[in-house]
Amino acid sequence: MIRPIRLAIVATLGALTLLLAACGGGTPSASTASTTSSSRASSTTTTSTTQPTLAACKTGQLSVTAGMSSGAAGTLGQVVLFENVSSTLCLLHAFPGVAGLDANGNQLTQATRIQSNGTPFTGSAASLPTIQLAPGATASALVEGSDVPTGNATSCVSYPALLVTPPNALQSVKVTATLPGCSGLRVTPVVAGTAGM
């Protein structure tokens, strides 16, 4: 009589063990899948929100110098170079500020903004390209002056130096470059490379 009871107890315990194993084995697997999925979603979100923001080039990051000069039909041009001498990528956008200086360093005129084809710039600065200036790379702008006197004038003022402020920067740099100013000075937006156009 005791033996059938023992067999029934052993059979019941075995069935319970199998049932618990089957239930217990499925739950962690579902939990793991859920954790992995949740972990992937949070990883993707973190990656997309940590994109670096590039800043405008500061004057201290740039070497601002005179490049090549040229002349044709009464117009003389002087390329101004902006070389990134820092170890950080930065942005140049739109026009540099340019003033014509006299021999004592006094500002005589501010350059007006023109498009690369020489016509006055009347659009939005947002329409102009942004230059991503890598370390060691150079961008440039062209400054123009005329040596043809206007009206009753027989000669023109000459600027022995320029005061140049990189686009969106606060500090200026004196650049030695002689330009005539019969009709003031004009400047184009910055472009990649050293040609100014």
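Quick notes
- Annotation: amide H of L133 within the under-5 Å range of C90, L91, L92, sequence separation 5 or more or interchain, hydrogens built in the peptide plane.
- Computed from backbone phi with θ = phi - 60° and the Karplus coefficients 6.51, -1.76 and 1.60, the 3J(HN,Hα) list for segment 94-102 is 6, 9, x, x, 9, 10, x, 10, 8 Hz; x is used for glycine and proline.
- Mean Cβ count within 10 Å, highest first, over the residues of peptides 105-117, 85-97: 85-97, 105-117
- Put a dot 7 Å past the Cα of T53, heading toward its Cβ, do the same for A126, and the two dots end up 1.8 nm apart.
- Per-residue Karplus couplings for segment 187-197, computed as 6.51 cos²θ - 1.76 cosθ + 1.60 with θ equal to phi - 60°, are listed in order as 9, 9, x, 5, 9, 6, x, 10, 8, x, 9 Hz, Gly and Pro entered as x.
- Here's how it looks for G97: its modeled amide H is under 5 Å from those of T165, which are all 5 or more places away or on a different chain.
- Sorted on the mean count of surrounding Cβ atoms within 10 Å across their residues, most packed first, peptides 73-79, 146-152 read 73-79, 146-152.
Read the figures in this text as sums done on the coordinates, not as results from a lab. Please read all numbers here as calculations on a predicted model, not as lab measurements. Note that each Cβ is placed from the backbone with ideal geometry, even for glycine, and that neighbours are counted across all protein chains shown.
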